[in-house]
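S.K.: Handing you this structure, nothing more for now.
Taken together, the values in this text are just the output of simple stated rules run on the coordinates, not laboratory data. Computed from a prediction, not measured in an experiment: that's the story for all the values here.
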């Protein structure tokens with residue numbers, strides 16, 4: 001994780017945005033006050049597509065249904 005943080009710092013990018021771009025469906029962060037606006041901005045400027053987010057949400061909801069967490 002430190003390597004990713006260092007890369008993000010060197011390239012002036014947000015770690016959470018890089019994670020979503022890499023295909024992560026869920027993120028764990030202790031810096032949500034920075035990460036959520038960064039992801040929203042990435043969606044607004046087209047770096048992350050709404051379609052990609054919708055696919056992630058669909059996969060998460062399907063997994064929750066399979067595990068019996070939602071109906």
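S.K.: Using a 10 angstrom cutoff on alpha carbons, build the Gaussian network for the chain and name the most mobile of 58, 34, 11.
M.R.: Between 58, 34, 11, it is 11 that shows the largest mean-square fluctuation.
S.K.: Among 28, 61, 18, whose mean-square fluctuation peaks in a Gaussian network model of the chain (Cα, cutoff 10 Å)?
M.R.: Result for the chain, Cα springs under 10 Å: 28 fluctuates most.
S.K.: Using the alpha-carbon atoms, what tilt in degrees (0 to 90, nearest 10) does helix 50-66 show relative to the longest principal axis of the chain?
M.R.: That works out to roughly 40 degrees.
S.K.: Under a 10 Å cutoff between Cα atoms, tell me which one of 43, 15, 57 has the largest fluctuation in the Gaussian network model of the chain.
M.R.: Comparing 43, 15, 57 in the GNM, the peak value goes to 57.
S.K.: Let me ask something else. In the set (i) 25, 14, 10; (ii) 36, 24, 17; (iii) 59, 20, 7, which value of semi-axes √(5λ) of the Cα gyration tensor in Å was calculated from the structure you see?
M.R.: Evaluating semi-axes √(5λ) of the Cα gyration tensor in Å on these atoms matches (i).
S.K.: Helix 32-44 versus the longest principal axis of the chain: what is the Cα-based angle in degrees, 0 to 90, to the nearest 10?
M.R.: 90
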